[in-house]
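The values are calculated or read from the model by the stated rules, or taken from the named source; none is laboratory data. Just so we're clear, the structure is a prediction, and the values are computed from it rather than from any experiment. Counting neighbours? That spans all protein chains shown, and the Cβs are built from the backbone with ideal geometry, glycine included.
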Amino acid sequence: MKGFDGRVVAITGAGSGIGRALAVDLAGRGAHLALSDIDTVGLADTVARCEGSGVKVTSQHVDVADRAQVFAWAGEVVASHGKVNVIVNNAGEGVGATVERMSYEDLEWLIGINFWGVVHGTKAFLPHLKASGEGHVVNLSSVFGLISIPSQSAYNAAKFAVRGFTDALRMELEVEPCGVSSTTVHPGGIKTNIVNNARLDASVTGGADQARREFDRVARTSPEKAARVILAAVEQNRRRVLVGADAKAIDLVSRLPAGLYQRVLVAGAKRRG
């Protein structure tokens, strides 16, 4: 895909952050939008920001962890818009806890959204993308899909899984030329509200307030800039895209021997108590 004018783009997690920024940017490029989120208030705000651009905007409350809801939404998108060309599986949440302290409930909650949500979105929309004749699957991983971090085992597991899943998908789409491709996105620190919704264990994070302060300190890239980088990657048909200078630095670190970079992270975790 060399442009978005007249295309139909579906986005999960469109109520805030990168999802909202993508929607607003795409509306300005003439793309019709199918937006979803569990945050209906935030979703309505995003819709209001996109209307008036001369494009069709539909929205739906969707829990991406619920396979039936995602498949039903995909059908509704095609019924309403006539086609769909891009699915952006963006919805995500966070958990901060050690493996020992983390509850199965929190682990399953995060995997349901961050990994199964990507799987459901990909499988629900892929046949419709193929039917449109040209399409793209955009799956959000993370820099935590490149390296592992103490207290982030659940998030690491999901984001590494998204990376492997989407890499395999990309190769399958190249084996079977069908007009559809895929891109894995590895954002670094993006100024979103993910920490506000995260489930945080105080023994690791020092509490929600400290977690927010630390996140604000490292989140240097705006959602708007992230959206521009992601859309450029789709137009260039890139396999992977690193969003932010920190993401590029972490990608280099990930190429070092595991024992080397992990010792540094362990030392940092010890200093934080």
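In the stretch 60-85, what count of residues is obtained for those that are farther than 18 Å from H128 by Cβ and part of a strand (DSSP E or B)? Don't jump to the end; show me each part of the working.
Step one: filter the stretch 60-85 for residues farther than 18 Å from H128 by Cβ, giving 61, 63, 65-66.
Now narrow it down to the ones that are part of a strand (DSSP E or B): 61.
Number of matching residues: 1.
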Run K130 past the list (1) farther than 21 Å from R239 by Cβ; (2) more than 16 Å from the chain's Cα centre (by Cα); (3) in a helix (DSSP H, G or I) and report the number of the one that doesn't hold.
(1)
Pairs, first closer than 17 Å to V88 by Cβ and surrounded by 14 or more Cβ atoms within 10 Å (Cβ to Cβ) in the stretch 120-133, second among the basic types (K, R) and at pLDDT 95 or above, C-beta under 6 Å, six or more apart:
H120/R67; S132/K83
Members of the stretch 89-124 that are among the hydrophobic types (A, V, I, L, M, F, W, C) and in a helix (DSSP H, G or I):
L107, W109, L110, I111, I113, W116, V118, V119, A124
Note on G52: of the conditions (1) touching a residue at least 12 places away in the same chain (Cβ under 8 Å); (2) in a loop (DSSP other than H, G, I, E, B); (3) surrounded by fewer than 17 Cβ atoms within 10 Å (Cβ to Cβ), unmet is (1)
Within the stretch 141-155, is even one residue aromatic (F, W, Y), under 26 Å from R271 (Cα atoms), surrounded by 18 or more Cβ atoms within 10 Å (Cβ to Cβ) and in contact with a strand residue (DSSP E or B) (Cβ under 9 Å, 6 or more places away or on another chain)?
yes
The number of residues in the stretch 247-265 that are part of a loop (DSSP other than H, G, I, E, B) and of a type in the set (K, R) is 1
Show the residue pairs that are 6+ apart or on different chains and have beta-carbon atoms under 8 Å apart, the first residue being within the stretch 25-44 and modelled with pLDDT of 95 or more, the second being part of a helix (DSSP H, G or I) and hydroxyl-bearing (S, T, Y).
A34/S80; L35/T46; D37/T46
Based on what the data block shows, is V86 within 15 Å of L169 (Cβ to Cβ) and within 11 Å of the chain's Cα centre (by Cα)?
no
Flagged in the stretch 141-188 as more than 13 Å from the chain's Cα centre (by Cα) and among the basic types (K, R), in numbering order, are R170
Lone qualifier among T12, T46 - being buried (at least 18 other Cβ atoms within 10 Å of the Cβ), closer than 24 Å to A154 by Cα and of a type outside the set (K, R):
T12
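Here are some residues: V180, V175, V185. Which one is buried (at least 16 other Cβ atoms within 10 Å of the Cβ) and farther than 18 Å from L242 by Cβ? Before you say what the answer is, go through the steps one by one.
Details: V175 fails: buried (at least 16 other Cβ atoms within 10 Å of the Cβ); V185 fails: farther than 18 Å from L242 by Cβ.
On inspection, the qualifying residue turns out to be V180.
Answer yes if at least one residue in the stretch 29-36 is not hydrophobic (A, V, I, L, M, F, W, C) and not in a strand (DSSP E or B), and no otherwise. Before you say what the answer is, go through the steps one by one.
If we filter the stretch 29-36 for residues that are not hydrophobic (A, V, I, L, M, F, W, C), which is where we start, we get 29-30, 32, 36.
Now narrow it down to the ones that are not in a strand (DSSP E or B): 29-30.
Yes; the residues of the stretch 29-36 include at least one that is not hydrophobic (A, V, I, L, M, F, W, C) and not in a strand (DSSP E or B).
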